[in-house]
Amino acid sequence: MDGDFFRVAEIGISVGYIILPFVLGYAHALIKGGGKWDMIFLYYLFVGVGVQGIVTGIAQIAIPETISENLEWANSPFLLELGMANISFGAVGIVGPWINRGWSTAAAVAYSLFLTITGLGHLVELLQYGPSPGNSGGFLYSDLLVPVFTLAFMMLSRKQVYSSIEVRA
C-alpha cells in the first residue's frame, strides 16, 4: 500500500508542483490580462512553495513512519521538525502573493534554497545507495525543478516589472 501511495504521489507531484503553476499562471495572464511572467511566478510561489510546503509538512508530521520507510531512513523526531519547517515555508508562500513583492521574493528565494539543498542531498543518496520510493522520481524532480522555475520566473517577472516603469528626469 505505501509503495502504491508513493507512486501515485510522484505523479501528482510532477504534475501538480512542476507543470500546474506554469499552466495556471499563463492561463490567468491570458484570461485576466497582466504580465504573464508575473502571473506564472505568483502561481509557482502559491503552488510550488505554498501548497507543496504545507502538504509535505502535513505528511511528514501525520505519517512519519510511512515517510521514513519510503525514504529508507530510520524514523526520527527530525521529521516533525522538518514538517514544521515545510509548513512554515508553505504558509509564507500562500500569503506572499497578497502581501508585497519583497515578501514574495524572500519566500521564493528561501524555499528554493531549501529545496535545492534537500534535492542535492537526495541526489547524493540516490547515487550512493540507489533509488528508494520517496527519494527519487517525482520527489527528486520537484526538489530540483521547482526552485529553478520559481527563481527563473521571479527574475523574468522582475524584469517585466522594471521594464514597464517609466523613468523621468
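In table form, for the structure just shown:
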{"item": "Qualifying residue in the stretch 66-89 (condition: in a helix (DSSP H, G or I), under 19 Å from residue 21 (Cβ atoms) and not aliphatic (A, V, I, L, M))", "result": "yes"}
{"item": "Matching residues, the stretch 100-120, being under 23 Å from residue 134 (Cβ atoms) and touching a Pro at 6+ places or on another chain (Cβ under 7 Å)", "result": "112, 115, 116"}
{"item": "Yes/no for residue 126 being under 23 Å from residue 59 (Cα atoms), modelled with pLDDT under 90, under 16 Å from the mean Cα position of the chain (by Cα) and in a helix (DSSP H, G or I)", "result": "no"}
{"item": "Members of the stretch 31-41 found to be more than 15 Å from residue 109 (Cβ to Cβ) and not small (Gly, Ala, Ser), listed by number", "result": "31, 32, 36, 37, 38, 39, 40"}
{"item": "Selection within the stretch 129-149 - crowded, with 16+ Cβ neighbours inside 10 Å, in a helix (DSSP H, G or I) and touching a residue at least 24 places away in the same chain (Cβ under 8 Å)", "result": "138, 139, 141, 142, 143, 144, 145, 146, 147, 149"}
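The values are calculated or read from the model by the stated rules, or taken from the named source; none is laboratory data. Model, not experiment: these values are computed from the prediction. Heads up, the Cβs are rebuilt from the backbone with ideal geometry, glycines too, and the neighbour counts pull from every protein chain shown.
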